[in-house]
Structure formats: structure tokens, C-alpha cells
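The values are calculated or read from the model by the stated rules, or taken from the named source; none is laboratory data. Just so it is clear, the structure is predicted and the values come from calculations on it, not from any experiment. Note that we place each Cβ from the backbone using ideal geometry, even for glycine, and neighbour counts take in every protein chain shown.
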Amino acid sequence: MKFELKRLDASFLGDLLSLQDDAFRHLGDPEMLRPNSAEVFLECLEKHHTLGIFHEKELIAFGILYFGKGTPENLGHDLGVPKNLLFKVANVKLIIVRHDFRGQGLQRFIIGELEKKAQAMGYEILACTVSPKNHVSIRDFLLSGFVFWKQTPKYGVLLRNVYYKRI
């Protein structure tokens with residue numbers, strides 16, 4: 001299958017929301033994914049780095065590289081990174097692949113592309129959270145060189161594994 005990768009802008013907000021809806025429809029357990037609002041997606045499209053994968057001009061997957069800097073969203077806090085080095089940590093905030101395109105390595109491909117971007121921008125650590133119930137994502141992050149750090153409640157009461165990778 002032929003895929004096209006490109007950076008997304010605010011014009012793709014509806015597509016991100018549709019893919020998120022698709023993901024929730026096909027989840028076995030809704031706690032595996034934290035829903036994001038249109039406002040959060042718009043911020044990610046405008047102020048962070050959002051990559052999309054297209055098949056026949058249709059968005060079928062996306063991933064967000066999030067620059068938390070000094071905010072509570074920066075997973076460097078969970079990793080115990082000193083305050084003055086938080087600007088060296090970027091988060092893989094979210095990756096969603098449309099259900100009928102899963103199993104083709106697209107999530108791992110997106111992880112690699114987000115890592116390249118973070119590295120090119122001078123980030124030294126890439127971090128993410130994954131539901132302990134999401135075995136596919138755990139496998140993909142581990143195969144991409146991420147290391148388990150800890151399990152902790154995040155986003156209210158959702159249990160999450162925190163992973164990181166030095167890049």
C-alpha cells in the first residue's frame with residue numbers, strides 16, 4: 001500500500017476528531033484512550049508538531065509531538081528531570097491509526113518520524129504515557145527503544161505507564 005506523510009495544520013481539525021471517534025468506537029476498553037477536545041487538537045495543530053499519514057488522499061493516522069516546556073503536561077516532571085532541563089523533553093502526546101489500517105506498522109513509523117523531528121529540534125528525551133491495557137502500543141514503544149519508567153495515575157484517575165527514550 002502507498003502512504004503519504006505530511007505535517008498537518010488547523011484545516012485537519014475535523015479529521016483528527018473523526019479519527020479519535022473511530023478509535024473510541026473500536027476500543028475494547030474506553031480507559032485505554034483519553035479523549036481530547038477540539039480545543040486541545042487545535043492547539044496541537046497550531047503550536048506543536050502533528051504528522052498525518054494519508055492513503056489515497058484520506059487521513060488514516062496521525063501522531064502529535066507535544067512541547068510541554070515548563071507546563072504540567074511535560075512528562076519530564078514524571079521522569080524527575082530537573083526544572084532547568086524540562087525544555088529538553090518532548091512528549092509523544094497521541095497516536096491514532098484508523099482501525100482498518102492497524103497492523104501495518106504505522107504507529108511505529110509515526111513514532112520514528114516524531115523522534116526524528118524532536119531530535120532535529122534539539123530535544124534529548126522523548127516521553128509518552130500508555131495505558132497498561134494497551135498491549136499493542138506498549139509493544140510498539142518498547143520496540144522503538146523506549147524504556148518503562150513507572151506506572152502512575154494521570155489525567156485524573158487513568159492509570160498510565162510512563163516511558164522515555166534518550167534521543
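Scanning the range 97-119 for residues that are under 21 Å from Val147 (Cα atoms) and of a type in the set (A, V, I, L, M, F, W, C) yields Leu106, Phe109, Ile110, Ile111, Leu114, Ala118.
Could you check the range 13-41 and list, in sequence order, the residues that are small (Gly, Ala, Ser) and in contact with a strand residue (DSSP E or B) (Cβ under 6 Å, 6 or more places away or on another chain)? Break it down stepwise before answering.
So in the range 13-41, the residues small (Gly, Ala, Ser) come out as 14, 18, 23, 28, 37-38.
Answer for the range 13-41, where residues must be small (Gly, Ala, Ser) and in contact with a strand residue (DSSP E or B) (Cβ under 6 Å, 6 or more places away or on another chain): just Ala23.
Set side by side, the residues Lys133, Lys150, Lys88 differ, and just one is in contact (Cβ under 8 Å) with a residue 40 or more places away in the chain, farther than 20 Å from Phe41 by Cα, touching an Asp or Glu at 6+ places or on another chain (Cβ under 6 Å) and not hydrophobic (A, V, I, L, M, F, W, C), which is Lys133.
Can you say whether Ile96 is β-branched (Val, Ile, Thr), crowded, with 16+ Cβ neighbours inside 10 Å and under 18 Å from Ile167 (Cα atoms), as far as the supplied structure shows? No. Criterion first (in contact with a helix residue (DSSP H, G or I) (Cβ under 6 Å, 6 or more places away or on another chain) and either modelled with pLDDT of 95 or more or at positive phi (or both)) does Phe41 satisfy it? Against the criterion (in contact with a helix residue (DSSP H, G or I) (Cβ under 6 Å, 6 or more places away or on another chain) and either modelled with pLDDT of 95 or more or at positive phi (or both)), Phe41 qualifies.
Say whether the condition of being closer than 18 Å to Ser137 by Cα and of a type in the set (S, T, N, Q) is met by at least one residue in the range 70-82.
At the first step, the residues of the range 70-82 found to be closer than 18 Å to Ser137 by Cα are 75.
Restricting the remaining residues to those that are of a type in the set (S, T, N, Q) gives none.
No, because not a single residue in the range 70-82 is closer than 18 Å to Ser137 by Cα and of a type in the set (S, T, N, Q).
Selection of first residues in the range 64-83 that are surrounded by 12 or more Cβ atoms within 10 Å (Cβ to Cβ) and of second residues that are acidic (Asp, Glu) and at pLDDT below 95, restricted to Cβ pairs under 9 Å at least 6 apart or on distinct chains, gives the following pairs, ordered by first then second residue: Tyr66/Glu73. Filter the range 47-59 down to residues that are in contact with a strand residue (DSSP E or B) (Cβ under 6 Å, 6 or more places away or on another chain) and not polar (S, T, N, Q), then give me how many there are. Residues flagged as in contact with a strand residue (DSSP E or B) (Cβ under 6 Å, 6 or more places away or on another chain) and not polar (S, T, N, Q) within the range 47-59 amount to 7. Within the range 133-152, is even one residue over 15 Å from the mean Cα position of the chain (by Cα), assigned to a strand (DSSP E or B), among the charged types (D, E, K, R) and surrounded by fewer than 17 Cβ atoms within 10 Å (Cβ to Cβ)? Yes. Looking at the range 4-34, which of the residues that are of a type outside the set (Asp, Glu), at pLDDT below 95 and not in a helix (DSSP H, G or I) is surrounded by the most Cβ atoms within 10 Å (Cβ to Cβ)? Once the filter is applied, the top-ranked residue is Leu33.
Do we find that Glu39 is part of a helix (DSSP H, G or I), charged (D, E, K, R), surrounded by 12 or more Cβ atoms within 10 Å (Cβ to Cβ) and without any contact (Cβ under 8 Å) to a residue 12 or more places away in the chain in this structure?
Judged against the criteria, Glu39 is not a match.
Looking at Ile110, Ile95, can you tell me which residue is in contact (Cβ under 8 Å) with a residue 40 or more places away in the chain, in contact with a helix residue (DSSP H, G or I) (Cβ under 9 Å, 6 or more places away or on another chain), among the β-branched types (Val, Ile, Thr) and under 21 Å from Phe24 (Cβ atoms)? Lay out the reasoning, then the answer.
On the way: Ile110 fails: in contact with a helix residue (DSSP H, G or I) (Cβ under 9 Å, 6 or more places away or on another chain).
Only one candidate qualifies: Ile95.
Evaluation of Cys44 against the conditions (1) closer than 20 Å to Pro132 by Cα; (2) in contact with a strand residue (DSSP E or B) (Cβ under 9 Å, 6 or more places away or on another chain); (3) part of a helix (DSSP H, G or I) shows that the sole unmet condition is (1).
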